[in-house]
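The values are calculated or read from the model by the stated rules, or taken from the named source; none is laboratory data. Treat the numbers as computed from the prediction; the structure is a model and nothing was measured. Virtual Cβ from ideal backbone geometry, glycine too; neighbours counted across all protein chains shown.
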Amino acid sequence: MVSPFFNLYLVEVGFSATLIGAILSIGALIELTVTPLLNRYADQHHAHRRLYIGYLLVFAIANFLFGNIQTTWILVLATLMVEASIRPSMTIGMQLTIVKLEQEGRAMIGRIRSFAALGFAFASLVAGQLFGIGGYPLIFWAGGFLTLVSVKTAQILPTKTTSDDLRSNPVPRRRGFYYLAASQFFVSMGIRAGHAFWWVHFQENLGVSTAHIGILVAFLAGAEVPFFMLLDPLMKRFNPRITFIVGSFGLSIIFLLLGAVPNVWWLIPLILIRGILWPMYHVPVFLVASKISHPRNVATNQAILQITVPAIAVLLTGTASGWIFDHLGAFPFFAATATACMIGGIIAVIGYRTMQPIAIEE
């Protein structure tokens, strides 16, 4: 419900894109330093679900701060709390979900992820109505409350991602891990920058009002639902590496076109096409990371690939991307994000054979 509105709210209260980019870079530094340590601790002490719940609580508190206080330094703090919790919670939550499904013998990660997209679509429709009633504060209060509900529902997940006999004796990482890390660096550079400012672009350059952002987000999430549902049989025919590579190249094209569209109506076909491509990138990259990792360090590897590597990308480019958006405009900005995704896809192609699933010896 709340993710599209953080940066829109910051812009409304006077934050520039350059300043937002700088804050995102600081948030990336926090992700870079803190998240791997926490996930390593979870690996060593079987505290994965407990850490997941901790991330959710930090995110909930950040929402309540956004909903109640307009002091600049409090908003900066709340933004850093969002940056330090939203992606780490998704990463460890996805890994726990993968383990849960493997325990039950169900190859249905795409179908499960489709419910997340469906919830995102429904919440986005509600967000537009809430904005009309109580503005930004009501949206953030609702987001915080729903996150607290998620803390309760998280009890169905496994407590850990490893078994007792796999905790000790660290194992070396394979070469495919480093190819995937390099690919993630560039793809994440494009995705994180593009997603940070595309709602601002829709509002400032394409005339989408804040009240209608929720409708647009709901349409975007709803377009993903059927393709998340179809992803499981697709990955039985085409392995996740191929699907991930196609998704990376496709998102590159989508970002380039986003910067070129002349009005909001062009977003409709682009969002429909993105509804196909985003699932092809989003789920397979988690599965590839899981398959090339040993169970002893899978949570740590997921944190490195989904949090640390993207955080480095944002740390190095966050301020610059905000400056490009502020001073050069939408098309140069989205052309840069598209180029980054394209480079990441090329690296994945080069390292394709090294990213084969690991064989675990019992």
* Asked: Only one of (1) among the hydroxyl-bearing types (S, T, Y); (2) more than 23 Å from M90 (Cα to Cα); (3) at pLDDT below 85 fails for T339. Which number is that?
  -> (3)
* Can you name the residue in segment 92-109 that is in a helix (DSSP H, G or I), of a type outside the set (A, V, I, L, M) and surrounded by fewer than 23 Cβ atoms within 10 Å (Cβ to Cβ) and is also nearest to the chain's Cα centre (by Cα) among such residues? -> G93
* Residue check, A348 among the small types (G, A, S) and surrounded by 23 or more Cβ atoms within 10 Å (Cβ to Cβ) -> yes
* Does any residue in segment 302-327 that is at positive phi come within less than 7 Å, Cβ to Cβ, of a residue that is at pLDDT 80 or above and surrounded by 24 or more Cβ atoms within 10 Å (Cβ to Cβ) six or more places away or on a different chain, and which pairs are these? -> none
* For segment 122-134, enumerate the residues that are out of contact with any Leu (no Cβ under 6 Å at 6 or more places or on another chain) and buried (at least 19 other Cβ atoms within 10 Å of the Cβ). => A123, S124, A127, G128, F131
* Would you mind stating whether I215 is farther than 26 Å from L8 by Cβ, over 19 Å from the mean Cα position of the chain (by Cα) and of a type outside the set (S, T, Y)? => no
